[in-house]
Each structure stands twice: as C-alpha cells, then as structure tokens.
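The values are calculated or read from the model by the stated rules, or taken from the named source; none is laboratory data. The structure presented is a predicted model; accordingly, all values stated were derived computationally and were not measured. Counting neighbours? That spans all protein chains shown, and the Cβs are built from the backbone with ideal geometry, glycine included. Note: accessible area is taken over every heavy atom of the protein model, side chains too, but ligands, DNA and RNA are not part of it. Shrake-Rupley method; radii C 1.70, N 1.55, O 1.52, S 1.80 Å.
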Amino acid sequence: MRHFFSDLNINGDLPVRVQPGLGEWGTSRVPTTREKNRARWQVAGAGLGITVALCWLGWTFYTILMGG
C-alpha cells in the first residue's frame, strides 16, 4: 500500500510527444483554467449559433416552398 501513492509520475506510459513540457516550476504550454473556461463558453456559443442559424434557414426554406 505504501507504493500505491509514492509514484508521482502522472504521465504514466504516455508517449513523449503527448506529454506536457516541463519547465522550471512545472508544466509549460498547458492551457490555464481561465483559457479552458473561455473555450467551453465559445464552443457552447458556437453550437447555439449554428443551431439557431440552421433553424432559421429551415424556416426560411419552408416558408418559400409553401408560397409564403
């Protein structure tokens, strides 16, 4: 049980090309929490925008085809 928590290598068996670079004070080139949060909101906004645009386009074509 003592060895269960003693290995601090969180990369495990990952290939070197996908491991984050290590700087003097820890990982480098890893997105911060603020950047991740901003990206989540941007993806949600883009998804909502695409959904609204597709619904509007469908409604427009429907009204054109029905002679409205």
### Query
Per residue, what volume in Å³ does the Cα convex hull of the chain take up?
188 Å³
#### Entry: Paramagnetic label zone (point 7 Å from Cα along Cα-to-C-beta, residue 61; backbone N under 20 Å) in the range 6-50
47-50
#### Entry: Whole-percent carbon and sulfur share, accessible surface of the chain, 1.4 Å
65 percent
### Message
Using each residue's phi in the range 26-39, evaluate 6.51 cos²θ - 1.76 cosθ + 1.60 at θ = phi - 60° and report the 3J(HN,Hα) Karplus result to the nearest Hz, with x for Gly and Pro.
### Response
x, 6, 10, 6, 10, x, 7, 5, 5, 5, 5, 5, 4, 5
